[in-house]
1. What distance in nm lies between label points placed 7 Å from Cα along the C-beta direction at B:Asn38 and A:Ser22?
2. Arrange A:Met216, A:Met148 by Cβ neighbour counts within 10 Å, fewest through most, would you?
3. Per DSSP helix of 4 or more residues, -39500 (n - 2.57); summed, then divided by the residues of chain A. What does that give at 222 nm, rounded to the nearest 500?
4. With label points built 7 Å along Cα→Cβ from the Cα atoms of A:Gln86 and B:Asp24, find their separation and express it in nm.
5. Counting only other chains, what is the mean number of Cβ atoms within 10 angstrom of the Cβ of each residue in peptide A:11-22?
6. Using +1 at the C-beta of Lys and Arg and -1 at the C-beta of Asp and Glu, which of B:Ala80, A:Leu95, A:Trp167 has the Cα lying farthest in the positive direction of the dipole of the protein assembly as shown?
7. Could you name the aspartates and glutamates in cross-link range of A:Lys80, using Cα to Cα under 16 Å and dropping any fewer than eight places away on the same chain?
8. Output the pairs from A:Lys73/A:Lys233; A:Lys94/A:Lys130; A:Lys55/A:Lys154 with a Cα-Cα distance over 29 Å in this structure; if there are none, say none.
Amino acid sequence: MNEYIDLLAYFGIGSAHPGGASLTRSIFEKVSINQDDLVLDIGCGTGQTAQYLAKQFKCSVTAIDHHPLMVEKAKRRFAKEDLPVQVLLGDAEKLDIESQTFNFILSESVISFTHAKETVKELARVLKEKGQLLLIEMAAEASIPKSMKEEVQKLYGVHDIYTGEEWRSILEEAGFATIEEIQTHSSLISSDLDEMDLSESIPMSLYDVWDEHNEMTEKVHGHIGYIVYLASK
Amino acid sequence: MNASEAYNMCRRYHGRHVRITDRDGRVHEGHITRVDRNMVWIRPQGGGGYGLGWGWGWGGGGFGYGIALGAITGIALSAAFFW
């Protein structure tokens, strides 16, 4: 497991994606989910968004993450909140789920950390006809110097950094018919962490990773931002 | 996190806005203003925050209030950007 992902897991950082929980909430003022929809939160982390969706829309939510500690923290959250969210350990590139299961899939800075093309195809597979995929993902804003790209890939364990246009192509190739951009103020705003679920023992090396990440955030400013797309099959 | 690790982390984040959790499950937020071998002092911003009545020794200025290093279970920067 990449150390940056470990950092998110050990510190139990809620809504670890660009824009944080406030961006998620603002998106769901525009995008709505029906009560009888089956929703997948892929790469759910500690489950802050899954909790929000289950409460807000009373829909059925399945939350999947690749990191055992995230799964543990998410399970604890739903038990405590007494919410019927199903939490599974799983790999976004290869889900142990039947085709055409979900009406709505949410990926909040998750696909970027996987082999994007495989993952988008896999998500398209488990999505019903006319289903929707909402993604908030890292995106190249301008040409990225090769050395910077390599540093980003190494620190975050990402395989590639796509432009908005490249994200569109990946979605189209996977069979998404329409792709709508949800307008947000795409800048890397550091926001108040409104939620942390710290593990009792946190490896000191992860504090170094946090520092490296902070430096990197400043360095990539103007080169890497994020996109928010709502893609429909 | 033991007291020695807490000391090192407080030194590292001196002057920065942090979020500290303690053994009683309380969360303290503020700027680290002072660290010694036993205590860290944080000055909350605005008067938000929760968990403590910070009447003693803190009147909107100075070092803020102290937290015993041995009571600290976690420290993290309280504002950050994450992918």
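1. Between B:Asn38 and A:Ser22, the simple spin-label model gives 4.0 nm.
2. Final ranking by Cβ density, sparse to dense: A:Met148, A:Met216.
3. My calculation for chain A gives -12000 deg cm²/dmol from helical runs alone.
4. Placing both labels 7 Å along Cα→Cβ, they lie 4.3 nm apart.
5. Rounded to a whole number, the mean comes out at 2.
6. Highest projection toward the positive end goes to B:Ala80.
7. Qualifying aspartates and glutamates at Cα under 16 Å: A:Glu72, A:Glu195, A:Asp197.
8. Pairs exceeding the cut-off: A:Lys73/A:Lys233; A:Lys55/A:Lys154.
The numbers here are math on the coordinates, done by the rules we state, and not lab data. Everything numeric here is computed off the predicted structure, so don't read it as measured data. Note that we place each Cβ from the backbone using ideal geometry, even for glycine, and neighbour counts take in every protein chain shown.
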